[in-house]
Structure formats: structure tokens, C-alpha cells
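Undergrad: Before I ask anything, let me first share the structure, which is written out below as C-alpha cells.
The values are calculated or read from the model by the stated rules, or taken from the named source; none is laboratory data. Owing to the predicted nature of the structure, the values given are computational and were not obtained by experimental measurement. Neighbour counts run over all protein chains shown; Cβ positions are idealised from the backbone, glycine included. Remember, those area values only see protein heavy atoms, side chains included, never the ligands or the DNA or RNA. Shrake-Rupley method; radii C 1.70, N 1.55, O 1.52, S 1.80 Å.
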Amino acid sequence: MSRNKKLLVIFLCVLLFVVVPACVSFVLLRPKFQVNEFVETEQVQYNAPMEYHAGEVCYGNVFGCSDVQVKREGEVNTSSLGCYQVTYVYSYQGKEFELKQVVEVVDTTPPVLTVQEEEIAYCPNGSVPNVTVSAVDNYDGDITDKVEKRFEGEEIIFESTDSVGNTSVVRKKAVQKDEEGPVLTLNGDESIYVLLHERYVEEGAKATDNCDGDLTSEITISGEVNTDKEGEYTLTYSVKDKSGNESSKTRKVYVYQKNVDVTPNGKSIYLTFDDGPSKYTSELLDVLKKYNVKATFFVTDQNLTKGYDSVIKRAYDEGHSIGLHTSSHSYSIYSSIDTYFNDLYAIQDKVKRITGYTSMLIRFPGGSSNTISKNYDHGARIMSQLSKEVERRGFKYVDWNVVSGDAGETTNTAEVVSNVINSLGNKSTYVVLQHDIKDFSVDAVESIIQFGLAHGYTFRAYTMSSPTVHHSINN
Ligand code: ZN
């Protein structure tokens, strides 16, 4: 082989074994970063989570690709619409590669518009009442009040557009129909009580209609009230809407007389007030006086009654019965017969000092049926003894058969009224238990009296000759 040929062989060998592999490896082994689905401007939905674009580094097709670390520089606040500039930095074994991106936070989500009714009834005047519609937008929140509706042939088109212009449309079949009557509401109570010869003041009523709006001026009232004649009168309030749907309500007006103390027949109510007197007793006496009602006060000499001796005097002078409820109203009075009577005589003396009258009428604290006395009498069955002993000594005791609930179960005037009037029926004797140390209970008295008088009851003071109302003894 000539020298030239040798050199050529060496050259080819070098080319084949050194240069070509070097070039091949340079091309194949150079790391190449690539990022999937990368776009220079990317849209992200309002409040949607921001995702990272995963990247990888590849060394040609021969050696495959590896995942790389990726880091995003620059803030994107997806809860604020707008454009943000970010840079993705991909790194692998000390080599870094950067990609810049513009992120647009956008809202392309339309409001969620719902109309519950399948078919929409609309009024003769074209208004559309009673549609259960709601529009809630991912960006604007509740935009129900901005829902627009319009008629299109046989349909009503509901349309809701959010603040960036995304719109939802719901179409519903429309039918002209008004089958709903006006809503009629009485001003004042359904039962009104008017004293004989006093004036009845008509308070009227209100009416609103789903289609026709305020119809108060269209209300007609039928029926009459003659306040010079006792009785129960019915007034009927009626109103029609323009489609002829009618609504009506009635009111009862009771014209009644002040209390007349008649011979004991018919139905009697004995209002009794325990534990007082108190600062509320005077106003109670005023109410009783207004209706000529006599009641019964079972008085005590507790601290809260101090300073109201004149109220006891007034009650007595105005014809009410003054009964005895013990002086201390402490349940320790039930520790013995003597303890009880000592306490009882103390209040009897006090009443005598104030009124000059020796009361023999009593009410046991807790009533004759109480069991709390068991805590004090050491097994002596004190109530069995006392109930006999008081009568042996000439006293008369009375319990009650109507519970007003003012002793703790309720603190509400309206409830006291309804507890009492709902307990009244056709019996001849109702003894109502209330406490004139409770303002809410005192406030209930006028309504109780009005109801009683209007329904034929006579209010009476409880006296030594009144019908017996006793509980059964439990101790
Ligand atoms: Zn009491």
C-alpha cells in the first residue's frame, strides 16, 4: 500500500471512529427541553386553579426523556380578571430553560339561570307574577334582580347577562291566566269588643293582588254593628280582582255590657290574684273598676308587698274580696300546724289593721294539692291535717280550676289570655289563678274580662258563700 493510501485509510478511520461518533453524540446527547401544549398567551377561567405546564428534557430519540423541575415566576391572581406576565423556569441537572407566558384571567362562564315553572302564567295586564327565577353568576354572584323577561309569541324569554357580557337564556311557554284571589288582611283583631253604647271604630282591611296590586280601595264591608244593642255581630270584608277572583274575611264584633253582679246562676268567673299586693295592683284595680268587675286578692306580707297597704284598703273599699295567702309565703310554714297558723294569723291581723275586716278566706301557698310541703313536715301529711283544721277553725279555703300559666310556664300576656279563655266552657264556676305581682299577667286581665262579658259570664268576688273549688290533697 502506498503511503497516500495509508493516510487515506487512517483519515477514514479517524473520521469513522472519532469525528462521526463525536458529532452523533453531540447531536443526540444535547439536552433538549420541551413543554407540553405551551402557548404564549393562555386563558384561565376566573377562580379556576392555575396549572403548571409539565416539562421534560430529552436527549434525542435514543435515550428518551426525563421530567424536569418547573417553577413559575410572577403572580397570577385568578380571582381578579386581567393579564399577568409569568415566566416558567425549567431546570435539570443545573441547566435551566425559560419560557415567558401571558396569562389572561377571563370570565367566559354565563350565569346559571333557572326558572322553576314549566309554564308561566301571566296576568291580563301582561305582568308576570309568581315566577321562581334565579340567576347566579360565578363572577357577579346573585344577579336574579337583573333577569330580564320578554314575550316572544307564545313564550316568555328570560335572559340573564353578567357584567362581562356572558348571557344565559331560558324559554318557557306562556299562558295568560289569573286564578289567584287577592290577599285580604284585616287591620286590627278578628274579634273586637265594644262596650254597650260606646263607639265601634272600623279599622278596615288591606288587599293586594298578584296581578292587580293594591286593591284596598275595592274592599267592600257588609254587615252592621249596633252598639246600642248587646250581641255578636259579623262583618264580612270582600274584594275581587279584575279577573273576578274573590277573597273574603270576617270579623266578629261583640257589643257587651259591663259586669252586672246577678244572683248566682249561669256561668261565673272568679278572678283571683295571689302573692300581692304589688306596684301593678293599682292599675289592675283601675281595669276591674272600668268593667265593674269584682275580684279576689289573696294577699301576703312579703318584702315586695311593703308600701302597698293603701292598695289593699282600696281593693277592699271597692268591693273586692281580700283573702289570706299567709304572711311570709315561705313553704317552711308547712313544718307544723302551729307554724302555719302563726303565719296565717299574722296576715289576718294585718288585713284587719288595714281594712277593719277579719278575713276568713284563705288560699294555701302552692294550693291544697301541693307536695312541696312534704319537704318540711317530716312525714306528718300536713296538708291532710291543715285542710281539715282550717275549716274546723272557721276558715274557708279555695283552690282554682283555671290555670293562667303565669306561675312560671309563661311570661307572655297573649298566652295568659288564651290559657284562660280557652279553659272557659259551660260550667257554672271558674276560679282563675293569677298573680298580681307579674305585670304581664295583670296586662292580660282586660282581654279576659272583655271575652268573659261578651260570652255571657259574670265576674264575681269569691266569698265565704261561693261554691267550693278544692283540689285533691296529695300530702
Ligand atoms: Zn302564692
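Undergrad: Can you tell me which residues in the range 334-343 are crowded, with 20+ Cβ neighbours inside 10 Å and either within 20 Å of LEU271 (Cβ to Cβ) or touching a residue at least 24 places away in the same chain (Cβ under 8 Å) (or both)?
TA: First, pick out the residues of the range 334-343 that are crowded, with 20+ Cβ neighbours inside 10 Å: 334, 340, 343.
Across the range 334-343, the qualifying residues are TYR334, TYR340.
Undergrad: Here is a further query. I'd like the residue in the range 435-454 that is in contact (Cβ under 8 Å) with a residue 60 or more places away in the chain and part of a loop (DSSP other than H, G, I, E, B) and, out of all such residues, is nearest to the chain's Cα centre (by Cα).
TA: If we take residues in the range 435-454 being in contact (Cβ under 8 Å) with a residue 60 or more places away in the chain and part of a loop (DSSP other than H, G, I, E, B), then LYS438 is nearest to the chain's Cα centre (by Cα).
Undergrad: Moving on. Given the condition in contact with a Pro (Cβ under 7 Å, 6 or more places away or on another chain) and within 14 Å of the ligand (Cβ to nearest atom), answer yes or no: does some residue in the range 335-351 qualify? Outline the logic, then answer.
TA: Going through the range 335-351, the residues in contact with a Pro (Cβ under 7 Å, 6 or more places away or on another chain) turn out to be none.
Checked the range 335-351: no residue is in contact with a Pro (Cβ under 7 Å, 6 or more places away or on another chain) and within 14 Å of the ligand (Cβ to nearest atom).
Undergrad: Mind counting the residues in the range 69-85 that are buried (at least 17 other Cβ atoms within 10 Å of the Cβ) and part of a strand (DSSP E or B)?
TA: Number of matching residues: 2.
Undergrad: Here is a follow-up. Is one or more of the residues making up the range 372-379 within 16 Å of the ligand (Cβ to nearest atom), under 19 Å from THR296 (Cα atoms), surrounded by 17 or more Cβ atoms within 10 Å (Cβ to Cβ) and hydroxyl-bearing (Ser, Thr, Tyr)?
TA: No: the range 372-379 contains no residue that is within 16 Å of the ligand (Cβ to nearest atom), under 19 Å from THR296 (Cα atoms), surrounded by 17 or more Cβ atoms within 10 Å (Cβ to Cβ) and hydroxyl-bearing (Ser, Thr, Tyr).
Undergrad: What do you reckon, is LYS229 open to solvent by 70 Å² or more (accessible area, probe 1.4 Å) and in a loop (DSSP other than H, G, I, E, B)? Can you show your working first?
TA: Values: open to solvent by 70 Å² or more (accessible area, probe 1.4 Å): yes; in a loop (DSSP other than H, G, I, E, B): yes.
For LYS229, the condition - open to solvent by 70 Å² or more (accessible area, probe 1.4 Å) and in a loop (DSSP other than H, G, I, E, B) - is met.
Undergrad: So, one more: Kindly indicate the residue of the range 355-364 that is without any contact (Cβ under 8 Å) to a residue 60 or more places away in the chain and open to solvent by less than 30 Å² (accessible area, probe 1.4 Å) and also farthest from ASN474 (Cα to Cα) among those meeting that condition. Step through it out loud before you land on a result.
TA: Initially, the range 355-364 is screened for residues without any contact (Cβ under 8 Å) to a residue 60 or more places away in the chain, giving 355-359, 364.
Narrowing the set further to residues that are open to solvent by less than 30 Å² (accessible area, probe 1.4 Å) leaves 355, 359, 364.
Working: THR355: 34, SER359: 26, PHE364: 13 Å.
Ranking the candidates gives THR355 first.
Undergrad: How many residues does the range 100-133 hold that are without any contact (Cβ under 8 Å) to a residue 60 or more places away in the chain, small (Gly, Ala, Ser) and surrounded by fewer than 18 Cβ atoms within 10 Å (Cβ to Cβ)? If you could, list the steps in order and put the result at the bottom.
TA: Let us first name the residues in the range 100-133 that are without any contact (Cβ under 8 Å) to a residue 60 or more places away in the chain, namely 110-122, 126, 128, 131-133.
Then keep just the ones that are small (Gly, Ala, Ser); that gives 121, 126.
When the remaining residues are screened for being surrounded by fewer than 18 Cβ atoms within 10 Å (Cβ to Cβ), the result is 126.
Matching residues across the range 100-133 total 1.
Undergrad: Could you go through the range 107-114 and let me know if any residue there is of a type in the set (A, V, I, L, M, F, W, C) and part of a loop (DSSP other than H, G, I, E, B). Show your work before the answer.
TA: Keep residues of the range 107-114 that are of a type in the set (A, V, I, L, M, F, W, C), which gives 112-113.
Then keep just the ones that are part of a loop (DSSP other than H, G, I, E, B); that gives none.
Scanning the range 107-114 turns up no residue that is of a type in the set (A, V, I, L, M, F, W, C) and part of a loop (DSSP other than H, G, I, E, B).
Undergrad: Residues in the range 247-254: is at least one closer than 30 Å to ALA207 by Cβ, crowded, with 19+ Cβ neighbours inside 10 Å, free of Cβ contacts under 8 Å to residues at least 60 places away in the same chain and more than 16 Å from the ligand (Cβ to nearest atom)?
TA: no
Undergrad: Considering only the range 160-185, how many residues are farther than 30 Å from ILE221 by Cβ and in contact (Cβ under 8 Å) with a residue 24 or more places away in the chain?
TA: 15
Undergrad: Let me ask something else about it. Residue under question is ASP214, and the condition is that it be under 28 Å from the mean Cα position of the chain (by Cα) and either at positive phi or open to solvent by 20 Å² or more (accessible area, probe 1.4 Å) (or both); does it hold? Even if it seems obvious, please write down each step before you answer.
TA: Numbers: under 28 Å from the mean Cα position of the chain (by Cα): yes; either at positive phi or open to solvent by 20 Å² or more (accessible area, probe 1.4 Å) (or both): yes.
Spelling it out, ASP214 is indeed under 28 Å from the mean Cα position of the chain (by Cα) and either at positive phi or open to solvent by 20 Å² or more (accessible area, probe 1.4 Å) (or both).
Undergrad: Within the range 391-409, track down each residue that is more than 16 Å from the ligand (Cβ to nearest atom) and buried (at least 19 other Cβ atoms within 10 Å of the Cβ).
TA: Quick first cut of the range 391-409, residues more than 16 Å from the ligand (Cβ to nearest atom) only: 391-396, 401.
Hit for the range 391-409 is PHE395, nothing else.
Undergrad: If you check ASP275 against the conditions, is it within 28 Å of TYR462 (Cβ to Cβ) and open to solvent by 70 Å² or more (accessible area, probe 1.4 Å)?
TA: Working: within 28 Å of TYR462 (Cβ to Cβ): yes; open to solvent by 70 Å² or more (accessible area, probe 1.4 Å): no.
Considered against the rule, which asks whether it is within 28 Å of TYR462 (Cβ to Cβ) and open to solvent by 70 Å² or more (accessible area, probe 1.4 Å), ASP275 comes out as no.
Undergrad: Being more than 47 Å from the chain's Cα centre (by Cα), surrounded by fewer than 16 Cβ atoms within 10 Å (Cβ to Cβ) and modelled with pLDDT of 80 or more is the requirement here; does VAL39 meet it?
TA: On the way: more than 47 Å from the chain's Cα centre (by Cα): yes; surrounded by fewer than 16 Cβ atoms within 10 Å (Cβ to Cβ): yes; modelled with pLDDT of 80 or more: yes.
Yes, satisfied.
Undergrad: For the range 135-168, which residues satisfy the criterion of being in contact with a Phe, Trp or Tyr (Cβ under 9 Å, 6 or more places away or on another chain), assigned to a strand (DSSP E or B) and either surrounded by 12 or more Cβ atoms within 10 Å (Cβ to Cβ) or of a type in the set (Asp, Glu) (or both)?
TA: Across the range 135-168, the qualifying residues are ALA135, GLU148, LYS149, PHE151, ILE156, ILE157, SER168.
Undergrad: Determine, yes or no, whether THR358 is in contact with a helix residue (DSSP H, G or I) (Cβ under 7 Å, 6 or more places away or on another chain), part of a helix (DSSP H, G or I), at pLDDT 95 or above and away from the ligand (no atom under 16 Å from the Cβ). It would help to see each step written out before you state the result.
TA: Values: in contact with a helix residue (DSSP H, G or I) (Cβ under 7 Å, 6 or more places away or on another chain): yes; part of a helix (DSSP H, G or I): no; at pLDDT 95 or above: yes; away from the ligand (no atom under 16 Å from the Cβ): yes.
Criteria not met by THR358.
Undergrad: Is it fair to say SER278 is part of a loop (DSSP other than H, G, I, E, B) and among the hydroxyl-bearing types (Ser, Thr, Tyr)?
TA: Details: part of a loop (DSSP other than H, G, I, E, B): yes; among the hydroxyl-bearing types (Ser, Thr, Tyr): yes.
Against the criterion (part of a loop (DSSP other than H, G, I, E, B) and among the hydroxyl-bearing types (Ser, Thr, Tyr)), SER278 qualifies.
Undergrad: Every residue in the range 299-327 that is within 12 Å of the ligand (Cβ to nearest atom), at pLDDT 95 or above and either touching a Pro at 6+ places or on another chain (Cβ under 9 Å) or assigned to a helix (DSSP H, G or I) (or both), please.
TA: Across the range 299-327, the qualifying residues are VAL299, THR300, HIS325, THR326.
Undergrad: Can you list residue pairs whose Cβ atoms sit under 7 Å apart, with the first residue in the range 312-333 being touching a residue at least 24 places away in the same chain (Cβ under 8 Å) and farther than 29 Å from GLN385 by Cα and the second being within 11 Å of the ligand (Cβ to nearest atom) and outside any helix (DSSP H, G or I)? Count only pairs 6 or more apart in sequence or on different chains.
TA: ILE312/VAL299
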